[in-house]
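The values are calculated or read from the model by the stated rules, or taken from the named source; none is laboratory data. All figures in this text were calculated on a predicted structure; none of them were measured in a lab. Cβ atoms come from the backbone with ideal geometry, glycine included; neighbour counts cover every protein chain shown.
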Amino acid sequence: MKREMLRIEGLHKRFGSLIVLNDVSFNIYEGEFVCVLGPSGCGKTTILRIIAQLISFDEGRIFVLGRDINSNEEDGYLDDLSVVFQEPRLLYWRKVEENVKLALELKRGVVGDRDGATVREALSLVGLSDFADAFPHELSGGMKQRVALARALVTEPSILLMDEPLTGLDLRTREELQDEILRIWKEKSMTAIFVTHDPLEAIYMGDRIIVLSDRPTMVRDTLKVPLNRPRNRHDRRMKELESCIRELFVLPDYGCLEPDGIS
Ligand SMILES: Nc1ncnc2c1ncn2[C@@H]1O[C@H](COP(=O)(O)OP(=O)(O)OP(=O)(O)O)[C@@H](O)[C@H]1O
Ligand SMILES: [Mg+2]
């Protein structure tokens with residue numbers, strides 16, 4: 001039986017009169033790469049912000065590594081978890097390495113001598129060793145997102161949350177970074193939650209796909225991707241699976257994806 005890293009039970013969230021999340025539940029297990037797929041505005045970012053304790057929720061329970069995050073006694077769990085946002089959110093006046101170091105400063109308050117090596121290792125992991133001294137404005141969009149990834153990785157989280165981190169990048173950069181993220185996930189044995197609104201991206205990246213409905217949002221289905229890794233983008237089954245997922249948004253039944261057997 002795999003260890004449960006994250007459990008979300010009956011999550012409800014509204015902003016004023018707008019009901020965004022309407023009973024969202026799912027589990028994520030150790031070492032999985034899970035994609036959360038849903039239409040724009042359905043509340044994907046809201047879910048990640050709630051998990052990262054950046055915003056509150058109205059009803060439901062969330063357990064990270066078995067710990068109830070509503071309980072006041074459970075302060076430390078954020079150490080286990082890092083977030084990469086939709087936009088890189090770099091501090092323009094700090095060099096690349098200092099942007100990455102920021103995550104350590106926020107975590108511990110002070111940064112010691114050894115942390116220079118930790119930061120360099122994170123930059124090397126994302127292929128940016130030569131740009132430690134650059135400022136954000138000297139980087140391309142893809143490189144900025146690599147810095148954001150290094151900043152999330154430098155604290156060595158066991159759970160990495162990614163909120164459409166590749167949106168807005170050109171196709172080639174996007175595909176390159178998809179592969180880098182998969183490589184790092186594997187190398188670091190992390191549990192990854194990757195939000196996207198692109199079914200093909202979810203099929204390429206995910207062990208499982210949690211498909212969300214339109215707002216007010218529920219889990220429409222949870223599906224296992226029946227393809228071995230490494231996956232081939234030109235595999236015709238990718239396209240077939242994409243059609244199946246697209247149909248999920250309009251039809252009650254699906255025929256060609258395996259329903260998830262875990263949760
Ligand atoms: N702080 C807020 N105050 C009021 N409404 C909000 C707030 N944050 C999000 N919303 C609303 O909640 C809904 C879900 O927003 P969210 O950003 O979670 O969607 P999303 O699925 O991430 O969309 P996208 O794919 O475009 O990023 C939207 O209708 C949005 O307008
Ligand atoms: Mg979003």
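Residue-level check: of (1) of a type outside the set (F, W, Y); (2) out of contact with any strand residue (DSSP E or B) (no Cβ under 6 Å at 6 or more places or on another chain); (3) over 27 Å from T46 (Cα atoms); (4) modelled with pLDDT under 90, R236 misses just (4). Residue selection: D130 fails the criterion of being exposed (fewer than 15 other Cβ atoms within 10 Å of the Cβ), free of Cβ contacts under 8 Å to residues at least 12 places away in the same chain and outside any helix (DSSP H, G or I).
Filter the range 197-238 for residues that are basic (K, R) and in contact (Cβ under 8 Å) with a residue 12 or more places away in the chain; which is farthest from R183 (Cα to Cα)? The residue in question is R215.
Restricting E105, E121, E138, E97 to residues that are in contact with a Lys or Arg (Cβ under 9 Å, 6 or more places away or on another chain) and of a type in the set (D, E) narrows the list to E97.
The criterion of at least 2 residues that are within 16 Å of ligand 1 (Cβ to nearest atom) and of a type in the set (K, R) is met by the following strands (runs of 3 or more DSSP E) wholly inside the range 1-115: 4-15. If you go through the range 45-54 and keep only what is surrounded by fewer than 19 Cβ atoms within 10 Å (Cβ to Cβ) and touching a residue at least 40 places away in the same chain (Cβ under 8 Å), you end up with T45, A52.
Scanning the range 198-239 for residues that are in a strand (DSSP E or B) and either aromatic (F, W, Y) or away from ligand 1 (no atom under 16 Å from the Cβ) (or both) yields R208, D221, T222, L223, K224. Residues that are out of contact with any Gly (no Cβ under 9 Å at 6 or more places or on another chain), small (G, A, S) and away from ligand 2 (no atom under 16 Å from the Cβ) within the range 1-51 comprise G16, S17, G31, listed in sequence order.
Summed over the range 200-212, the residues that are surrounded by 22 or more Cβ atoms within 10 Å (Cβ to Cβ) and away from ligand 2 (no atom under 16 Å from the Cβ) give a count of 6.
Across the range 161-187, the number of residues qualifying as of a type in the set (D, E, K, R) and without any contact (Cβ under 8 Å) to a residue 40 or more places away in the chain comes to 7.
May I ask you to verify whether N70 is away from ligand 2 (no atom under 13 Å from the Cβ) and over 18 Å from D221 (Cβ atoms)? Taking the combined requirement at face value, the residue satisfies it. Scanning the range 170-197 for residues that are under 23 Å from K44 (Cα atoms) and in a loop (DSSP other than H, G, I, E, B) yields D170, M190, H197.
Looking only at residues of the range 136-161 that are buried (at least 23 other Cβ atoms within 10 Å of the Cβ) and among the charged types (D, E, K, R), we find that the one that is nearest to L81 (Cα to Cα) is R151. In the set (1) within 15 Å of ligand 2 (Cβ to nearest atom); (2) under 16 Å from the mean Cα position of the chain (by Cα); (3) modelled with pLDDT of 95 or more, the condition left unmet by L54 is number (3).
Yes/no per residue for (1) surrounded by 14 or more Cβ atoms within 10 Å (Cβ to Cβ); (2) at pLDDT 95 or above; (3) within 19 Å of G38 (Cβ to Cβ); (4) of a type outside the set (S, T, Y):
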| position | (1), (2), (3), (4) |
| --- | --- |
| D214 | yes, no, yes, yes |
| D221 | yes, no, yes, yes |
| K224 | yes, yes, yes, yes |
| E240 | no, no, no, yes |
| Y254 | yes, no, yes, no |
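A residue that is closer than 22 Å to R237 by Cβ and within 16 Å of ligand 1 (Cβ to nearest atom) occurs somewhere in the range 188-196. So, in the range 103-126, of the ones that are closer than 16 Å to D79 by Cα and exposed (fewer than 13 other Cβ atoms within 10 Å of the Cβ), which residue ends up farthest from the chain's Cα centre (by Cα)? Among residues in the range 103-126 that are closer than 16 Å to D79 by Cα and exposed (fewer than 13 other Cβ atoms within 10 Å of the Cβ), the one farthest from the chain's Cα centre (by Cα) is V110.
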